[in-house]
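Q: I'd like to ask you about the structure that follows.
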Amino acid sequence: MSIPITRRDFMRTGAAAGVAAALPGPLAAAPAVVVRGQARPVVIASGNGNQFRNGGPMAAVETAFTRMVAGADVLDAILAGVNLNELDPEDASVGYGGLPNAEGVVTLDASVMHGPRRRAGAVAALEGVRTPSLVAQAVMDHTDHHLIVGQDAQRFARQMGFTVEDDLNTPLSRRLWLDWKRRTDPARYLDPERRARAGHEAGLQMVAEGLIDPDHYYGTINCNAINAAGDVCGATTTSGLAWKIPGRVGDSPVLGAGLYVENAVGAAGSTGRGEANLYNLTSYLIVENLRRGMSPKDAGMEGLRRIVQNTVERRLLNARGTPNFGIQFYVLNKRGEHASVTLYPGGTYAVCDEGGPRDVPMEPLLQGSAED
């Protein structure tokens, strides 16, 4: 059935078309606005987002999806999910009980981005607060800043009413740190380069022996989501690289690296070797690839190729001349399509939609393994 158009409607439509035609090239060819209600609601996360429950019935992605479809703000829903990982002492890569730095101190990083509000917040090298993602949200909500670090981040958290503890180690994280210290014995390594190499090799040996989950050595949970209205948000939170130099900050709290959200386009976040991501600001690159029309998988693969291209130091290459480390990206576009890409085969990422929570294989760029 046709709908009659009044003269006023006709004039309004014609005027709008005339203005568009008069605009310069890029504005005249602006992309179509995504109609609200056309998005496919979904939550995606790194694999630990469907693993740890902190004693409850649901893991991060299912918690976030359940709250989101019930009407909660997308970022609030995501944070309720990742808080489970931050508070669970069994997840040694995030929050309470995260693997500490070289001095045995647990320091945490996190970032959040709210697509509809075009707002973001982050904290780095934060001690004593189990849920750094909520402190990052407080930075976003209560300040004009994006990133607060170190003791000042802890001071800010205390001012915002967060509980600040003396030590976030658990018996497990402290035992693993003591094991690492015993293996490295700093008094034996007088050459700084040799000492750093020995510490890294000791950590990888602990991974090989099954003492540390490979995903926990680098740490992190990234979680991104979109609701039926097309609102996109994301969060990344981590205890960082195990046994890191005190003060080291990786990619997780840096916008464009550990997380990037553009509400009109989509979101990307990462886990794995933060330094490789920081050098390339890969999450930003991936979202820009989405903007140019790439699928989530293709956009992520292009980001990985950039990392491979820029990894040239011999110490970071294996015998085949490819990176000797792992890195993963979790990519979500405006339509709710998603993918996770990784340098080498293996691993899954977490997804929850109307079909429920599940683990989905990541897509590898290269064959073999980082150690080949």
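Q: Among the helices (runs of 4 or more DSSP H) lying completely within the stretch 22-101, list those that include at least 3 residues that are surrounded by 14 or more Cβ atoms within 10 Å (Cβ to Cβ) and at pLDDT 95 or above. Walk me through it before giving the result.
A: Details: elements: 25-28, 60-69, 74-87.
Ranges flagged: 60-69, 74-87.
Q: Can you name every residue in the stretch 163-184 that is in contact with a helix residue (DSSP H, G or I) (Cβ under 8 Å, 6 or more places away or on another chain) and part of a helix (DSSP H, G or I)?
A: Leu176, Asp179, Trp180, Arg183, Thr184
Q: So which of Tyr330, Tyr349 is within 20 Å of Leu290 (Cβ to Cβ), hydroxyl-bearing (Ser, Thr, Tyr), touching a helix residue (DSSP H, G or I) at 6+ places or on another chain (Cβ under 7 Å) and touching a residue at least 12 places away in the same chain (Cβ under 8 Å)?
A: Tyr349
Q: Please go through (1) under 22 Å from Glu371 (Cβ atoms); (2) in contact (Cβ under 8 Å) with a residue 24 or more places away in the chain for Asn263 and return the number of the only condition it doesn't satisfy.
A: All conditions pass for Asn263, except number (1).
Q: Another question, then. Determine, yes or no, whether Tyr344 is crowded, with 18+ Cβ neighbours inside 10 Å, under 27 Å from Val61 (Cα atoms), aromatic (Phe, Trp, Tyr) and in contact (Cβ under 8 Å) with a residue 60 or more places away in the chain.
A: no
Q: List every residue pair whose Cβ atoms sit under 7 Å apart, with the two residues 6 or more apart in sequence or on different chains, where the first one lies in the stretch 225-237 and is of a type in the set (Val, Ile, Thr) and the second, anywhere, is at pLDDT below 95 and not in a strand (DSSP E or B).
A: Short answer, once both residue conditions are applied: Ile226/Ala39; Thr236/Thr220.
Q: Considering only residues that are in a loop (DSSP other than H, G, I, E, B) and touching a residue at least 60 places away in the same chain (Cβ under 8 Å), which ones fall in the stretch 140-162?
A: Hit for the stretch 140-162 is His146, nothing else.
Q: Checking the structure you have, find out if any residue of the stretch 231-247 is of a type in the set (A, V, I, L, M), over 17 Å from Gly115 (Cβ atoms) and touching an Asp or Glu at 6+ places or on another chain (Cβ under 7 Å).
A: No - not one qualifying residue is present in the stretch 231-247.
Q: Another question, if that's okay. Working only within the stretch 221-260, note down all residues that are modelled with pLDDT of 95 or more and among the aliphatic types (A, V, I, L, M).
A: Passing the criteria: Ile221, Ala225, Ile226, Ala228, Ala229, Val232, Ala235, Val249, Val254, Leu255, Ala257, Leu259.
Q: Determine which member of the set Gly368, Gly336, Gly355 is at positive phi and without any contact (Cβ under 8 Å) to a residue 60 or more places away in the chain.
A: Criteria check complete, one pass: Gly368.
The values are calculated or read from the model by the stated rules, or taken from the named source; none is laboratory data. Here the structure is a predicted model, which means the values were calculated and not measured. Glycine also receives a Cβ, built like all others from the backbone with ideal geometry; neighbour counts cover every protein chain displayed.
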